[in-house]
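The values are calculated or read from the model by the stated rules, or taken from the named source; none is laboratory data. Predicted, not measured: the structure shown is a model, and the values here were computed from it. Cβ coordinates were reconstructed from backbone atoms using ideal geometry, including for glycine residues, and neighbour counts include every protein chain displayed.
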Ligand SMILES: C[S@@+](CC[C@H](N)C(=O)[O-])C[C@H]1O[C@@H](n2cnc3c(N)ncnc32)[C@H](O)[C@@H]1O
Ligand code: SF4
């Protein structure tokens, strides 16, 4: 008999597995692919029998948020040096031996899927720097139970890899483009890759990926004037686009609240030129508020983590390239899953740890930031240590 005491109590006998949990979980039992019974337990005590491999659990944190999305950073390396992301000072890259192998990533992904994750995003650093990424896409696709598998990339290596990624099962992707002006692109990324990135976008479309989305971080005094040209470009070429408020991720980007262009201002800039109608969030938990153009030619989204935080709907967990589970983009700590994996822990042990971490989660950093920004003392980004974006995965 294996027995684990964690957030709940897990028991395993030859005849089956049993969970006992005091609060915060719900569970459905599935037989022959059909859901047969359902137990909800948010405030009481429940005891249930679970047959191995047949269970969906709806894991919730202390703010009643389910775990639904997993962002996996496949590398912290990057071939760009975006000023808003990449530390300018010395940054110590994660040692290669510490980076999760594809097999380890897939195993962890499977565990998260059993806990309720339906969507995985591959990110980094620059994910296309990871050798043979399409093999990982293929393996994740083969898990069969994901509703959505996507990729966020700076696009500079897309032309060479997009066919393989599409063949491996990738259906959609986001490409970061903050300006169409070559000189400004160089200033923001400290690289000269704009032409290659635009070729990559086209290639993704030609390979049938849909939607192909552009991510644009808007910074005051840097690229506000790029909003409308980027909208025109995306509409003309059939790309979706999302504008992202500049965030204080990590500690190295010298974030200042004055450099944030608020959602309301981005909205006004767009609305003056293109009538748009709010459609709400994609699903109830997507970061972007989505708008439809009046002429029906596509959508635009705005992600307002700073001025309109969406912590209460945050269902995202993050896995760093070196195998740490992080429950908030602005966190300063991760929980080491790789150590457990490499000490030959069973899936059930890892699942119990993830359940325990998520079950205790209370993060709402962006809400707290906004409160501080509105307070008499104001908000000091440097006062809180945070994991850098390239380690964490955006
Ligand atoms: C960290 S990057 C990793 C993936 C890939 N290298 C890329 O650039 O798309 C993921 C996303 O985070 C965004 N990002 C990075 N730093 C940011 C910041 N300080 N504020 C808002 N978004 C940021 C990037 O623009 C990108 O869209
Ligand atoms: S935003 Fe992406 S491309 Fe730019 S430095 Fe960060 S990880 Fe690299």
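I'd like the residue in the stretch 137-152 that is within 16 Å of ligand 1 (Cβ to nearest atom) and without any contact (Cβ under 8 Å) to a residue 40 or more places away in the chain and, out of all such residues, is surrounded by the most Cβ atoms within 10 Å (Cβ to Cβ). Ranking the candidates gives 151 first.
Check 203, 167 and return the single one that is more than 22 Å from residue 235 (Cβ to Cβ), modelled with pLDDT of 95 or more, more than 15 Å from ligand 1 (Cβ to nearest atom) and in a helix (DSSP H, G or I).
On the way: 203 fails: more than 22 Å from residue 235 (Cβ to Cβ).
Residue meeting the stated conditions: 167.
Quick check on my filter: what residues within the stretch 54-88 are modelled with pLDDT under 95, in a loop (DSSP other than H, G, I, E, B) and away from ligand 2 (no atom under 14 Å from the Cβ)? Passing the criteria: only 54.
Between a first residue in the stretch 82-94 that is more than 20 Å from residue 320 (Cβ to Cβ) and within 15 Å of ligand 1 (Cβ to nearest atom) and a second residue that is in a loop (DSSP other than H, G, I, E, B) and at pLDDT 90 or above, which pairs have beta carbons less than 9 Å apart while being 6 or more apart in sequence or on different chains? Pairs that qualify, where the first residue is more than 20 Å from residue 320 (Cβ to Cβ) and within 15 Å of ligand 1 (Cβ to nearest atom) and the partner is in a loop (DSSP other than H, G, I, E, B) and at pLDDT 90 or above, are 83/190; 83/222; 88/81. Among the residues of the stretch 181-200, those identified as in a loop (DSSP other than H, G, I, E, B) and either crowded, with 16+ Cβ neighbours inside 10 Å or without any contact (Cβ under 8 Å) to a residue 40 or more places away in the chain (or both) are 191, 192, 193.
I'm trying to understand the selection: among the residues of the stretch 248-285, which are within 16 Å of ligand 2 (Cβ to nearest atom) and in contact with a strand residue (DSSP E or B) (Cβ under 8 Å, 6 or more places away or on another chain)? Before you say what the answer is, go through the steps one by one.
Applying the first criterion (within 16 Å of ligand 2 (Cβ to nearest atom)) to the stretch 248-285 yields 248-255, 259.
The answer is 259, and nothing else.
Could you check the stretch 277-299 and list, in sequence order, the residues that are surrounded by 15 or more Cβ atoms within 10 Å (Cβ to Cβ) and touching a helix residue (DSSP H, G or I) at 6+ places or on another chain (Cβ under 6 Å)? Of everything in the stretch 277-299, those that are surrounded by 15 or more Cβ atoms within 10 Å (Cβ to Cβ) and touching a helix residue (DSSP H, G or I) at 6+ places or on another chain (Cβ under 6 Å) turn out to be 285, 298.
Tell me whether the stretch 110-127 contains one or more residues that are surrounded by 21 or more Cβ atoms within 10 Å (Cβ to Cβ), assigned to a helix (DSSP H, G or I) and free of Cβ contacts under 8 Å to residues at least 40 places away in the same chain. Scanning the stretch 110-127 turns up no residue that is surrounded by 21 or more Cβ atoms within 10 Å (Cβ to Cβ), assigned to a helix (DSSP H, G or I) and free of Cβ contacts under 8 Å to residues at least 40 places away in the same chain. Tell me whether the stretch 218-227 contains one or more residues that are within 12 Å of ligand 1 (Cβ to nearest atom), assigned to a loop (DSSP other than H, G, I, E, B), modelled with pLDDT of 95 or more and surrounded by 17 or more Cβ atoms within 10 Å (Cβ to Cβ). For the stretch 218-227, residues within 12 Å of ligand 1 (Cβ to nearest atom), assigned to a loop (DSSP other than H, G, I, E, B), modelled with pLDDT of 95 or more and surrounded by 17 or more Cβ atoms within 10 Å (Cβ to Cβ): present.
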